[in-house]
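Working notes, structure below.
The values are calculated or read from the model by the stated rules, or taken from the named source; none is laboratory data. Remember, predicted model here, so these are calculated numbers, not experimental data. Cβ atoms come from the backbone with ideal geometry, glycine included; neighbour counts cover every protein chain shown. Keep in mind that these areas ignore ligands, DNA and RNA; they rest on the heavy atoms of the full protein, side chains included. Shrake-Rupley method; radii C 1.70, N 1.55, O 1.52, S 1.80 Å.
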Amino acid sequence: MRRTILFLLLLLGLGAHLEAALPVVNRGSIDCTTFKKAVPVWAQGRESEKCLMLFFRQVVWAGDTRGAKIRLTCSADYRLTVNGKFVAHGPCVAAHGFYRIDEYDLSGALRKGDNVVGIEVTGYNEPNYYLLAQPSFLQAEIETDGKVCAATGTDFECYDLKLRKQNVEKFSFQRPSTEYYFLDAHSADWAMDTHFKADSCRVFLEPTAPKSLIGRGVPYPDYTVHEAVRTKDSVYKFKGNSTGFIGARVTVSEPTTLVIRFDELADSTGHPTYTRLGVKPFVTWELQPGTYDLESFEPYTMQYAEIVTPKGSCKVERVYMRDYCNSDVHRGQFNCDNSRLNRLFEVARETLRQSSLDIFMDCPSRERAGWLCDSYFAARVAFDLSGNTRLEHNFLQNFLLPRDFPDIDKGMLPMCYPSDHQNHNYIPNWAMFFVLELEEYYQRSGDLQTVLQARQKVYGLLDYFKPYINSDGLLEKLPKWVFVEWSDAAKYVQDVNYPTNALYAGMLDAAARLYGDSQLHSQAERVREAIRKQAFNGQFFCDNAVRKGGRLVPQTANTTEACQYYLFYFGVATPSTYPELWKKLRDEFGPERQQHNAYPQVSFANAFIGNYLRLELLSREGLPRQLVSETIAGYEKMADLTGTLWENMTPTASCCHGFASHLIHVYFRDLLGLYKIDPVRKVVTLRFVDSGLSHCKGVVPVGNEEIKLEWQFKNGKRDYKLSLPTGWTSRVI
């Protein structure tokens, strides 16, 4: 009878317990690094089994629920529920052999009396760029009245309910298995019924090897639930790109296979272009008759979702998204008298919110990997919006925790991490961005300990490059995947690649400043001088030189826009040393060149990263009017189409890419006028340059305080008001 009532109340199906998140659970500790009693456990002999989902449950009696909490971690993914209601998803990603502990306050989730605490855990054991292929385990304990009342190792029942299909294809090369479920009217009982028993599905748990545990380090996610609007019979649209757990409430009248497929874009018929990225963007449920609240276990990114079922077998009552996004991006504020800029600022904020959950992700859709280079740009924005470096610390810490990376060459850093690289691939020049970001991280945080911890890896990287230095001092014939950007610049990397060598010079200088090594400064300048001598063809710098008959021959016809920006950004060229080239780049390149194709021999740059380097160069030269016009011309179409910023200038790849949020840093620095914020010395440098705006104001957090700046430009005069935290000073340049 009880199960019948639950059925009628629409509380059935695997996702039946997945209702609106309880905000109170997000107030857990982010620094917990140990358990009082729990030990790691898993199903006996099944630690390495692929795509195995187990269902852990514990009935907990609560009198006074104040102070109740749970601590937990696992090797891949968990979903935590209390009495069938969604509480949280986790944990944070960490380096190989390390696991981050989440701690949640359950005061608002528990009720007086008996409660069912449920934890779904999936161990994937598949190499990918997101959830590491490591033996599966769960370690969890529940605390009430200041005492541990249940812990893995002595408590918790565990069931293999076989609700998720194991033998399925991967979502993408960079992510683990797709989701495929088998549900009936009683599939959610395990999470809600205090008297639930399924002895035939119960598994014997055994302790696993002890784990190296570390703190979560970053705030808990934003789990906001928002609805999609139906645009066609089977297609639903969110306001813009959304990232999280796709959910639907459905009633099926006969045994039915239901598929939700999705993408960031729709085709000309209004259906999601789910084959666009070469991934498998769908979740599948085989359902017996009944009413279900379905929700994916893994997070995805989409604007359009289509529900595919046999005609007449399914009634859809709602489609929604439970966000799984960064909650610490809202303190920074920007507003000016140009509404188009204000909109782009908010679109950039949304891009970072979806792309930086617990590390700086490449994108939240195809892979969710933490890439170097991307993070160099995104980390600036994260600090601008949150006032802290917690996320960046996690990101860098993951690279520093392992003693080495056995799947790639000694001294090299992974191009993205945490990730599995069993194909032994890497991008040698991307590792250089680790050093560049480390220097900026130190300037933002003053965290000398991390800089010192990184010294061995930085010098290991420098040693890695030594065998590839030729007689000119340039890197030649670097192995693996030498990558410049997604344009023709990626074609011209054979033998000596000049953009890579310019980046190398930048890395040498950064390492020299970090560790007081003047020899590295001298080496960097030798690299720059060699590029100047070899690469300039009279009009432009060419991208590479090829060794022929023992002689290095610059390929003067291989010229790309991205190459020019690399060489200017990393100090090989300056507007004063190459004034004619700079004038061409400034006045005849940029978004408008796409229309009339000036200098067709120079291949166009793309968003990642050439066009963002261009914005940096315009900033250096104090050209905010051009920044305004070019960001509107280049990125407003992205705001219109997806509400997020893209990997490419065209919608041919990810349409929500974390690095692209760098527009926020540009607007704070070059339009608002907060040119440099030094949180270590507590100094703000202001620079006001004519941007064409008449009014601008903004707030940038620093720690728990804020910097506020507002100005008006009227009748040729600028009046500004600056509010600084106690102990801070300012200067105007």
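Remarks
- The set of residues from the range 133-160 being part of a strand (DSSP E or B) and of a type in the set (A, V, I, L, M) comprises Leu138, Ala140, Ile142, Val148, Ala150, Ala151.
- Single unsatisfied condition, Arg614 versus (1) in contact with a helix residue (DSSP H, G or I) (Cβ under 9 Å, 6 or more places away or on another chain); (2) of a type in the set (Lys, Arg); (3) within 28 Å of Arg390 (Cα to Cα): (3)
- Considering Pro479, Pro499, the condition of being part of a loop (DSSP other than H, G, I, E, B), under 30 Å from the mean Cα position of the chain (by Cα) and not polar (S, T, N, Q) is satisfied by Pro479 alone.
- Filter result for the condition that a residue is within 20 Å of His89 (Cα to Cα), touching a residue at least 60 places away in the same chain (Cβ under 8 Å) and of a type in the set (A, V, I, L, M), over Val121, Val168: Val121
- Looking across the range 533-585, the residues that are aliphatic (A, V, I, L, M) and either farther than 15 Å from Ala490 by Cα or open to solvent by 10 Å² or more (accessible area, probe 1.4 Å) (or both) come down to Ala535, Val546, Leu552, Val553, Ala557, Leu567, Val572, Ala573, Leu581, Leu585.
- You will find that of Leu613, Leu645, the residue that is touching a Ser or Thr at 6+ places or on another chain (Cβ under 6 Å), surrounded by 15 or more Cβ atoms within 10 Å (Cβ to Cβ) and of a type in the set (A, V, I, L, M) is Leu645 and no other.
- Looking only at residues of the range 185-237 that are basic (Lys, Arg) and within 23 Å of Val41 (Cβ to Cβ), we find that the one that is farthest from the chain's Cα centre (by Cα) is Lys197.
- Verdict on Glu120 being open to solvent by less than 10 Å² (accessible area, probe 1.4 Å), of a type in the set (D, E, K, R) and within 18 Å of Met192 (Cα to Cα): yes
- Selection status of Ser629, touching a residue at least 12 places away in the same chain (Cβ under 8 Å) and either open to solvent by 20 Å² or more (accessible area, probe 1.4 Å) or more than 26 Å from Thr574 (Cα to Cα) (or both): no
- Test: Arg368 is part of a loop (DSSP other than H, G, I, E, B), touching a strand residue (DSSP E or B) at 6+ places or on another chain (Cβ under 7 Å), of a type outside the set (A, V, I, L, M) and closer than 23 Å to Ala607 by Cα: yes
- One residue stands out in the range 52-86 among those that are surrounded by fewer than 20 Cβ atoms within 10 Å (Cβ to Cβ) and of a type in the set (Val, Ile, Thr): the one that is modelled with the lowest pLDDT, namely Thr65.
- Residue pairs whose Cβ atoms lie under 6 Å apart, sitting 6 or more positions apart in sequence or on different chains, and linking a residue in the range 392-410 that is of a type in the set (A, V, I, L, M) to a partner that is assigned to a helix (DSSP H, G or I) and crowded, with 17+ Cβ neighbours inside 10 Å, are Leu400/Ala454.
- Selection count, the range 522-554, where residues are touching a residue at least 12 places away in the same chain (Cβ under 8 Å) and more than 26 Å from Leu581 (Cα to Cα): 1
- Top-ranked residue of the range 238-260 - restricted to ones that are over 20 Å from Asp293 (Cβ atoms) and surrounded by fewer than 20 Cβ atoms within 10 Å (Cβ to Cβ), ranked as farthest from the chain's Cα centre (by Cα): Lys239
- Strands (runs of 3 or more DSSP E) completely within the range 174-274 that count 2 or more residues being aliphatic (A, V, I, L, M): 212-215, 235-252, 256-263
- The range 152-207 - residue that is of a type outside the set (Ser, Thr, Tyr), open to solvent by less than 10 Å² (accessible area, probe 1.4 Å) and in contact with a helix residue (DSSP H, G or I) (Cβ under 6 Å, 6 or more places away or on another chain) and, of those, farthest from Glu254 (Cα to Cα): Ala191
- The lone criterion from (1) surrounded by 18 or more Cβ atoms within 10 Å (Cβ to Cβ); (2) modelled with pLDDT of 95 or more left unmet by Gly590 is number (2).
- Hey, Arg390 open to solvent by 20 Å² or more (accessible area, probe 1.4 Å), of a type in the set (Lys, Arg) and out of contact with any Phe, Trp or Tyr (no Cβ under 6 Å at 6 or more places or on another chain) or not: yes
- Per-region count, the range 424-472, residues surrounded by fewer than 16 Cβ atoms within 10 Å (Cβ to Cβ), in contact (Cβ under 8 Å) with a residue 12 or more places away in the chain and not in a helix (DSSP H, G or I): 4
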